[in-house]
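Peer 1: Okay, handing you the structure first.
The values are calculated or read from the model by the stated rules, or taken from the named source; none is laboratory data. This one's a predicted model, so the numbers in the text were calculated from it and none came from an experiment. Ideal geometry is used to build each Cβ from the backbone, glycine not excepted, and the neighbour counts take in all protein chains shown.
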Amino acid sequence: MGGALSYRAAPLLAVLLLLVALQTGCHQAAPPPVGEQITADFNDPLAGLPRMDRPQKEAGKLKERLLELIDAAKGRIDAAVYSIGDREVISALQRACSRGVKLRVVTETEEYHGQLARLPCLALKLDENERLMHDKFMIVDNEIVWTGSANWTPGSLYFDANNALEIQDKKLAQAYELEFSQMFRAGQFGPQKEDNNAEEFEVAGTAVEAYFPPSDHPEGILTQLIAQAKESIEIAMFYFTDGALYQALVSALKRGVKIGAVWDERGFENFAISQMDELISLGVGVVDANPGLVHDKYAIIDGKITVSGSANWTRSGMGYNDEDIVVVHSPQIAHRFAENFERLYQDAQSYDQDPKLPPRVTIKHYNTQDVPARVEWRPHLLNKPDFYELCRARSPDGPCEKTFSNIPNDHWYFADETAQKGVTYHYRMRSSLDGKYSDWSNEYVVTAGPPDCPSSGAAEECDCDDGLDNDGNGYLDCDDYDCAAATACIGPEWPTIKLAAPVSEVLSAEEVEHNLKKYLGRAVTIRFYVLNTYDSGKAIFLDSSKDYQKDFTAVIFKRDEPNFLAAGIKPELDYDHRLIEVSGELEEYNGPEIILSSPAQVRVVK
């Protein structure tokens, strides 16, 4: 069983900057194979650490099986994939063309760069809808469905943690074909599509469900699965912003379900809209330490049910994008995903506990280029080095032409203002502890460009050196940067999260008003009579008293109103003069508030 830590059964560990639940234990012995009709594959980017330079090991079985399926196709391949750019995958598609295989592809317009143009058998459809065609599925010979979280790109197949399910079943393949045809033949994407396919299947004695957002309204299905959980939920997720799913997890916590999670670092950094920080404050999960993304979107429920597919647990993933979500009721498949989860989870724990491990430098950024070159890394969160050191070179593993030392151990990016526009740089990092340096990290390669200055000019911005949160996002970062400033911005400290256990009992509005400090920032359920509703044009307010600037109010922003309307609820009418219970994080603006993004957060009592 080994001595590796697991989230499952150890006592709670309080940490100043990141508070997580650490538990010890082992998975049970692997169940017998589920058979060849349903299989799960994963890549293994952690196998490339610390330099991320072992591509064959990093790809794991994921890419190998994808290529095998393409090479085995006899008559037709239909693929709806957000992004396609891996040369070996395109070569396999070329070989399929040479065998007479018919190839139809739907892909996202913004992600199409002409890589498929040389395929003679290709029939291509580009999504020009405002929302994303975010699917990652393939149908082979009207019989095999391949789906999961992986785009067909080098980054997704080698560096980002991803999974794929392969299911051999003609009825399931037909459901995917109907979804594919809406996009390919009819040109219907996102909210334009209809629910025109079956959702429940039996594959080799195993129950399988397939849902296609937004027409299948998967948010309710997932909240129901979470509500049915009795023992455990394990989640690996890139982005998580859905309020209803967040509240379902909080409710599960309250009834004693053990929840573990691996949250992607980049998804976590999007602090203002993510639900990840709220869940971490409740002791749920760790932030991943993979230099690539944790691009997975899966959950394992009670060790028996696996949820996977292309959809992040976000408002867009549930209600706007073209996505797929697969639910497999199989302990064997759940065990395969649980093994992958433990590997990611334990890696994050080991990294945080050992400051001698080389830093993990982020391979792909999801932020504005507000300086000529910016380098991000995942700091050690439990046991810290004394400082980090950054090397800038002109070639891979080349000598350091410039070294930036004494970078604080609780920071997570560096803005290199001395980088020259148009020059390609190779950055790598190491940590220092007690006068000894770690090995070098993986490299981040970037061609320096001009800062993304505001059109109004730098005079209207203050640099982050002034110590002010100039853009009001809750912490100092280089989005507060002044393009004309001469002083380097090292970036912000890692966000501090305080432990806040959910409150199990139902509270009254008067209780939270009189004890605001006790409950502020905690997940609560509040029962109150809606004395008045008010639509300001920007938000709908459900007031508990006439003094709305002091007393408790539930707030529904206009961006979230469609979630209620889709459920047949007009909040300003249907909640008015009703006794209701609302659940969420208690905040303070004009008095105590809970922000409601989903009708799942509201229960009408009377």
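Peer 1: Condition check: modelled with pLDDT under 95, in a strand (DSSP E or B), of a type in the set (D, E, K, R) and within 31 Å of the chain's Cα centre (by Cα). Does R392 satisfy that?
Peer 2: Numbers: modelled with pLDDT under 95: no; in a strand (DSSP E or B): yes; of a type in the set (D, E, K, R): yes; within 31 Å of the chain's Cα centre (by Cα): yes.
No, not satisfied.
Peer 1: Hey, does segment 533-540 have a residue that's buried (at least 17 other Cβ atoms within 10 Å of the Cβ) and touching a Gly at 6+ places or on another chain (Cβ under 9 Å)?
Peer 2: Scanning segment 533-540 turns up no residue that is buried (at least 17 other Cβ atoms within 10 Å of the Cβ) and touching a Gly at 6+ places or on another chain (Cβ under 9 Å).
Peer 1: Still on this model: Considering segment 123-142 alone, what residues qualify as being crowded, with 16+ Cβ neighbours inside 10 Å and either among the hydrophobic types (A, V, I, L, M, F, W, C) or over 22 Å from the mean Cα position of the chain (by Cα) (or both)? If you could, list the steps in order and put the result at the bottom.
Peer 2: First, the residues of segment 123-142 that are crowded, with 16+ Cβ neighbours inside 10 Å: 125, 127, 129, 131-141.
Correct list: K125, D127, N129, L132, M133, F137, M138, I139, V140, D141.
Peer 1: Related question: Residues E269, E265: which one is touching a Lys or Arg at 6+ places or on another chain (Cβ under 7 Å) and modelled with pLDDT under 95?
Peer 2: On the way: E269 fails: touching a Lys or Arg at 6+ places or on another chain (Cβ under 7 Å).
None of the others qualify; the one that does is E265.
Peer 1: Turning to a different aspect of this structure: Answer yes if at least one residue in segment 272-284 is assigned to a loop (DSSP other than H, G, I, E, B), out of contact with any helix residue (DSSP H, G or I) (no Cβ under 8 Å at 6 or more places or on another chain), at pLDDT below 95 and among the hydrophobic types (A, V, I, L, M, F, W, C), and no otherwise.
Peer 2: There is at least one residue in segment 272-284 that is assigned to a loop (DSSP other than H, G, I, E, B), out of contact with any helix residue (DSSP H, G or I) (no Cβ under 8 Å at 6 or more places or on another chain), at pLDDT below 95 and among the hydrophobic types (A, V, I, L, M, F, W, C).
Peer 1: Can you find a residue that is part of a strand (DSSP E or B) and without any contact (Cβ under 8 Å) to a residue 40 or more places away in the chain anywhere in segment 522-536?
Peer 2: The first filter runs over segment 522-536 and keeps only residues part of a strand (DSSP E or B), leaving 523-529, 532-535.
Subset that is without any contact (Cβ under 8 Å) to a residue 40 or more places away in the chain: 534-535.
There is at least one residue in segment 522-536 that is part of a strand (DSSP E or B) and without any contact (Cβ under 8 Å) to a residue 40 or more places away in the chain.
Peer 1: Give the residues of segment 494-509 that are more than 30 Å from F414 (Cβ to Cβ) and in contact (Cβ under 8 Å) with a residue 24 or more places away in the chain, sorted by residue number. Can you show your working first?
Peer 2: So in segment 494-509, the residues more than 30 Å from F414 (Cβ to Cβ) come out as 500-509.
The answer is A500, A501, P502, S504, V506, A509.
Peer 1: Let me ask another. Residues that are in contact (Cβ under 8 Å) with a residue 40 or more places away in the chain, closer than 18 Å to W313 by Cα and in the same structural domain as L279 (by TED's automatic domain parsing): which strands (runs of 3 or more DSSP E) entirely in segment 181-243 hold 1 or more of them? It would help to see each step written out before you state the result.
Peer 2: Numbers: elements: 200-203, 206-211, 232-237.
Where strands (runs of 3 or more DSSP E) fall fully within segment 181-243 and carry at least 1 residues being in contact (Cβ under 8 Å) with a residue 40 or more places away in the chain, closer than 18 Å to W313 by Cα and in the same structural domain as L279 (by TED's automatic domain parsing), they are 206-211, 232-237.
Peer 1: Considering only residues that are crowded, with 20+ Cβ neighbours inside 10 Å and out of contact with any helix residue (DSSP H, G or I) (no Cβ under 7 Å at 6 or more places or on another chain), which ones fall in segment 375-391? Working first, answer last.
Peer 2: Just the residues of segment 375-391 that are crowded, with 20+ Cβ neighbours inside 10 Å, to begin with: 375-381, 385, 388-391.
If the condition is that a residue be crowded, with 20+ Cβ neighbours inside 10 Å and out of contact with any helix residue (DSSP H, G or I) (no Cβ under 7 Å at 6 or more places or on another chain), then V375, E376, W377, P379, P385, Y388, E389, L390, C391 are the ones that fit.
Yes or no, residue by residue, for (1) among the charged types (D, E, K, R); (2) in contact with a strand residue (DSSP E or B) (Cβ under 9 Å, 6 or more places away or on another chain); (3) under 26 Å from R95 (Cβ atoms):
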{"position": "E130", "(1), (2), (3)": "yes, no, no"}
{"position": "F137", "(1), (2), (3)": "no, yes, yes"}
{"position": "N151", "(1), (2), (3)": "no, yes, yes"}
{"position": "G155", "(1), (2), (3)": "no, no, yes"}
{"position": "N162", "(1), (2), (3)": "no, yes, yes"}
{"position": "D169", "(1), (2), (3)": "yes, yes, yes"}
